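Participant: Starting off with a structure, shown below.
The values are calculated or read from the model by the stated rules, or taken from the named source; none is laboratory data. Since the model is a prediction, treat every value here as computed from it, not as a measurement. Note: ideal-geometry Cβ built from the backbone for every residue, glycine included; neighbour counts use all protein chains shown.
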Amino acid sequence: MSGARTNARLKKSLTKAPNVSDQKKTSASREKRVFKPSAEFQRQANLGSLASYKKLYAESVNSPEKFWGRQAKELLVWRKPFTSVLKWKAPHAKWFGGGKLNVAENCLDRHLGTALENKAAIIFEGEPGDVRTITYKQLSMHVCRLAHVFENMGVVAGDRVAIYLPMVPEAVVAMLACARIGAVHTVIFGGFSSEAIKDRINDCKAKLVITADGGWRRGKIIELKPAVDRALEGTPTVQSVIVLKRTGNEVKMAEGRDVWWHDVWKGGPNTHKAKAFDSEHPLFILYTSGSTGKPKGVLHTSAGYLLGAKMTSHYIFDLKQNDRYFCSADIGWITGHSYVVYGLLSNGSTVFLYEGAPNQPEPDRFWQMIDRHAITILYTAPTAIRAFMRWGDNYVLKHRLDSLRLLGSVGEPISPEAWLWYHKLIGKGRCPIVDTWWQTETGSIMIAPIPGAVPLKPGSASLPFFGIVPKIVDEKGKEVPRGTDGKMIITKPWPSMLRTLWGDDERFQKTYFGDYPGIYFTGDGAKQDKDGYFWISGRVDDVLNISGHRIGTAEVEAALATHPAVAEAAAVGRPDDLKGQALVVFVSIKTGVTADDKLKEDLRAHIGREIGSFAKPDSVRIAPSLPKTRSGKIVRRILKDIAAGRQVTGDTTTLEDISVIAALQTQD
Ligand code: PRX
């Protein structure tokens, strides 16, 4: 059936029946339907039956070394074969010991001289509408040239390189050029402020920074270079900055430090002899928020990470050679690392990259691009899906979307309402949805349905990937009965797990392996149903998930503490229909400071400067003091109730001053 006819039908049925997105929440929340893979999908699937999933899963957990050893041998290109599969001395893992490989070679060179050489590796669409297609051969030449540039600048294996770029192909080139020479990249999301850039650069002591004269977002230029300039006032280790011309925006170039990408690029060799590195050679550091202190530098290494990213991409996205795959996550997050760059390119796929906002110029930009580029797989986040639902079905129904064959979701729990809307409006009832649960720390997807094999239940990430053994436990680590909420742990090591926190192994051990000694604690709450499906409810620690962005309440509190008007601050989340969670901050101010709207705005701007504008709170509430116990501990439970507009529950008798509750409740 043609896409236009499908749409006409859908439109008709939607005008007769209540719109899916308008249905009462309760009806979808009680959704109990199970969506089995269609025979048509199963026939073409990389893994096409539940029985084959179960068989392979059983092997992967019963004989993990045999299983992972075979996968690593078959899927990766080795310069020197590994001699051991796993050395595990909890919490430290060493995978594929004795082996040597080059990650960039696994993503590029291995496809050269094959049918993939002239295939598009990247199709890029800038926000203003500029389109570029880069073949595997061209991408490889770009990467080789930049690898030489890095080497000429004195960057050697093990050095850290910070990347602060918009979503343009050069971001991929920069990451792979690092991998090629064994330099360790740390990509910093373009929404982070100069303070955040400075902290990250200083933590990992980066030598080189790669940035741009700007990027396009909602028709405006994001000023990346001035943010880098401010950050670099306090970063003694940075020797050079490479600046990409993207927007033509005028920027200041520091003599002796800054060079234009196109200048250093000119005339360099297109080939580069890549060295091989140990399996455990560091590949990248990615900073992420935790429940205490500053962001943590999650360290991923080469072979295990690449294997996880490659294998999950193949099975969970059911990748085929003619797929055109669009992941809407920014390269600055782990999703962009694993499912824009490493997992997809190592599989020889075509990746579609989009620079800008989903509603620029209109809220149907994604659907336009999907039709224009015949995208077959879309991987996005529930927060985006909720925004699409809010913008209205008509923006979707204008487009065919008949090239799509698979949809993915990541970053937060997807409600059955959003799942059903995504399935019906975007997937036209035809495309399976893979709800993928994982984390920066896990490196690759841990729980998700393999689409040709595992029946889907809206709202559940379903069953674990091969080799992954999650369990739901109580505080003491005892497994809880099926159907009971508990904390999610992962009991066996897996190849793409984080290896440590950069420069702070003690924090690594304590954060992830401290609650349940020797066992990885995810920080998430979940339950398992009678069929073994996992239903993840979200963080059980003080980490918020705002529009799919992970933000630590401690980080926000530390930022507020540096404001001269603030005596004390606490940050909590409240449920939000669009963002999943919204950030509410409670502040007590110093005597003599006036609590007015200007101060609230000033505090929001301050957080924007300290962390990034995406972390600006939705609500700021000011009171003479915060609810505390007599021993001086802020009672966060009460603040969460107040933020959510709920009646304050639980014991309040231990509070030092009960009147502060009323003072905080009366503000919006
Ligand atoms: O709470 C879980 C939530 O996102 C957290 C990890 O965030 P981050 O490291 O930024 O990585 C996001 C992208 C992988 C998890 O601890 N989360 C992620 N995916 C899901 C999810 N919650 C429920 N369902 C998911 N599919």
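Participant: For residues that are touching a helix residue (DSSP H, G or I) at 6+ places or on another chain (Cβ under 9 Å) and polar (S, T, N, Q), scanning just region 324-339, find the one that is surrounded by the most Cβ atoms within 10 Å (Cβ to Cβ).
Facilitator: Looking at residues that are touching a helix residue (DSSP H, G or I) at 6+ places or on another chain (Cβ under 9 Å) and polar (S, T, N, Q), I get SER338.
Participant: To continue, here is another question. Any chance you could count how many residues in region 31-72 are of a type outside the set (Phe, Trp, Tyr) and in contact with a Phe, Trp or Tyr (Cβ under 7 Å, 6 or more places away or on another chain)?
Facilitator: 6
Participant: Can you pull out the strands (runs of 3 or more DSSP E) entirely within region 193-285 that have at least 2 residues that are farther than 30 Å from VAL77 by Cα and of a type in the set (A, V, I, L, M)?
Facilitator: In region 193-285, 220-222, 240-244 are the strands (runs of 3 or more DSSP E) which contain 2 or more residues that are farther than 30 Å from VAL77 by Cα and of a type in the set (A, V, I, L, M).
Participant: Another question, then. Exactly one of (1) under 30 Å from PHE96 (Cβ atoms); (2) surrounded by fewer than 16 Cβ atoms within 10 Å (Cβ to Cβ); (3) of a type in the set (Asp, Glu) is unmet by ASP278. Its number?
Facilitator: The failed condition is (2).
Participant: Continuing with this model, one more query. With (1) free of Cβ contacts under 8 Å to residues at least 12 places away in the same chain; (2) in contact with a Lys or Arg (Cβ under 7 Å, 6 or more places away or on another chain); (3) in a helix (DSSP H, G or I) as the list, and LYS87 as the residue in question, which single condition is left unmet?
Facilitator: Result: LYS87 fails condition (3) only.
Participant: For region 500-524, give me each residue that is of a type in the set (S, T, N, Q), more than 12 Å from the ligand (Cβ to nearest atom) and out of contact with any helix residue (DSSP H, G or I) (no Cβ under 7 Å at 6 or more places or on another chain).
Facilitator: Within region 500-524, GLN509, THR511 meet the criteria.
Participant: Same structure, new question: For the structure I just gave you, tell me whether ALA303 is within 14 Å of the chain's Cα centre (by Cα), crowded, with 24+ Cβ neighbours inside 10 Å, touching a residue at least 40 places away in the same chain (Cβ under 8 Å) and closer than 30 Å to TYR53 by Cβ.
Facilitator: Taking the combined requirement at face value, the residue does not satisfy it.
Participant: Looking only at residues that are surrounded by 17 or more Cβ atoms within 10 Å (Cβ to Cβ) and of a type outside the set (Val, Ile, Thr) in region 577-591, which one is nearest to ALA387 (Cα to Cα)?
Facilitator: The qualifying residue nearest to ALA387 (Cα to Cα) is LYS579.
Participant: Is it the case that MET497 is within 26 Å of SER60 (Cα to Cα), in a strand (DSSP E or B) and of a type outside the set (D, E, K, R)?
Facilitator: no
Per-residue answers, yes or no, for (1) within 25 Å of PRO564 (Cα to Cα); (2) part of a loop (DSSP other than H, G, I, E, B):
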position	(1), (2)
LYS598	yes, no
ARG609	yes, no
ILE642	no, no
VAL648	no, yes
THR652	no, yes
ILE661	yes, no
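Participant: In the set ALA571, ALA567, which member is more than 16 Å from the ligand (Cβ to nearest atom) and either surrounded by fewer than 20 Cβ atoms within 10 Å (Cβ to Cβ) or among the polar types (S, T, N, Q) (or both)?
Facilitator: Going through ALA571, ALA567 in turn, the sole match is ALA567.
Participant: Also, I was wondering about something else. Just to check your reading of the model, which residue among VAL469, VAL543, VAL480 is modelled with pLDDT under 95 and either touching a Ser or Thr at 6+ places or on another chain (Cβ under 6 Å) or away from the ligand (no atom under 16 Å from the Cβ) (or both)?
Facilitator: Just one listed residue meets the conditions, VAL543.
Participant: Suppose the filter is crowded, with 23+ Cβ neighbours inside 10 Å, assigned to a helix (DSSP H, G or I), of a type in the set (Gly, Ala, Ser) and modelled with pLDDT of 95 or more; does SER313 pass it?
Facilitator: yes
Participant: Select from region 525-535 the residues that are within 16 Å of the ligand (Cβ to nearest atom) and either more than 23 Å from the chain's Cα centre (by Cα) or surrounded by fewer than 21 Cβ atoms within 10 Å (Cβ to Cβ) (or both) and list them in ascending order.
Facilitator: GLY525, LYS527, GLN528, ASP529, TRP535
Participant: Inside region 370-411, can you point out the residues that are part of a helix (DSSP H, G or I) and either under 22 Å from the mean Cα position of the chain (by Cα) or within 16 Å of the ligand (Cβ to nearest atom) (or both)?
Facilitator: Answer for region 370-411, where residues must be part of a helix (DSSP H, G or I) and either under 22 Å from the mean Cα position of the chain (by Cα) or within 16 Å of the ligand (Cβ to nearest atom) (or both): ILE370, PRO382, THR383, ALA384, ILE385, ARG386, ALA387, PHE388, MET389.
Participant: In addition: For region 419-431, does any single residue satisfy the condition of being free of Cβ contacts under 8 Å to residues at least 60 places away in the same chain and β-branched (Val, Ile, Thr)?
Facilitator: Looking through region 419-431, at least one residue is free of Cβ contacts under 8 Å to residues at least 60 places away in the same chain and β-branched (Val, Ile, Thr).
Participant: Does GLU355 meet the test of being at pLDDT 95 or above and more than 20 Å from the chain's Cα centre (by Cα)?
Facilitator: Judged against the criteria, GLU355 is not a match.
Participant: Quick one: which of THR436, THR511, THR522, THR440 is farther than 22 Å from GLY336 by Cβ, in contact (Cβ under 8 Å) with a residue 24 or more places away in the chain and of a type in the set (Ser, Thr, Tyr)?
Facilitator: Checking each option against the conditions leaves just THR511.
Participant: From the set of residues in region 546-558 that are touching a residue at least 60 places away in the same chain (Cβ under 8 Å) and more than 15 Å from the ligand (Cβ to nearest atom), which is nearest to PHE189 (Cα to Cα)?
Facilitator: VAL556
Participant: If you don't mind, another one. Where in region 511-582 are there strands (runs of 3 or more DSSP E), lying wholly inside it, with at least 1 residues that are within 29 Å of LYS476 (Cα to Cα) and among the polar types (S, T, N, Q)?
Facilitator: 520-528, 534-539, 543-546
Participant: Looking at region 484-494, is at least one residue of a type outside the set (A, V, I, L, M), crowded, with 23+ Cβ neighbours inside 10 Å, within 21 Å of TYR315 (Cβ to Cβ) and within 12 Å of the ligand (Cβ to nearest atom)?
Facilitator: Within region 484-494, not a single residue is of a type outside the set (A, V, I, L, M), crowded, with 23+ Cβ neighbours inside 10 Å, within 21 Å of TYR315 (Cβ to Cβ) and within 12 Å of the ligand (Cβ to nearest atom).
Participant: Looking only at region 418-440, which residues are assigned to a loop (DSSP other than H, G, I, E, B), buried (at least 24 other Cβ atoms within 10 Å of the Cβ) and within 10 Å of the ligand (Cβ to nearest atom)?
Facilitator: Correct list: TRP438 only.
Participant: Please specify each residue of region 57-72 satisfying the condition of being in a helix (DSSP H, G or I) and surrounded by fewer than 17 Cβ atoms within 10 Å (Cβ to Cβ).
Facilitator: Scanning region 57-72 gives ALA58, GLU59, VAL61, ASN62, GLU65, LYS66, ARG70.
Condition check ((1) farther than 22 Å from GLN44 by Cα; (2) out of contact with any Asp or Glu (no Cβ under 8 Å at 6 or more places or on another chain)) across all residues:
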| residue | (1), (2) |
| --- | --- |
| ASP323 | no, yes |
| LEU345 | no, yes |
| ALA357 | yes, no |
| ALA384 | yes, yes |
| VAL396 | yes, no |
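Participant: Restricting to region 624-641, and then to whatever is β-branched (Val, Ile, Thr) and in contact with a Lys or Arg (Cβ under 8 Å, 6 or more places away or on another chain), can you tell me which residue is surrounded by the fewest Cβ atoms within 10 Å (Cβ to Cβ)?
Facilitator: ILE634
Participant: Here is a follow-up. Check GLY336, GLY332, GLY290, GLY297 and return the single one that is within 16 Å of the ligand (Cβ to nearest atom) and either of a type in the set (Ser, Thr, Tyr) or in a helix (DSSP H, G or I) (or both).
Facilitator: Result of the check over GLY336, GLY332, GLY290, GLY297: GLY336.
Participant: Restricting attention to region 136-152, does a residue exist that is modelled with pLDDT of 95 or more and outside any helix (DSSP H, G or I)?
Facilitator: Taking every residue of region 136-152 in turn, none turns out to be modelled with pLDDT of 95 or more and outside any helix (DSSP H, G or I).
Participant: Another question about this same structure. Does ILE447 satisfy being more than 9 Å from the ligand (Cβ to nearest atom) and within 22 Å of the chain's Cα centre (by Cα)?
Facilitator: no
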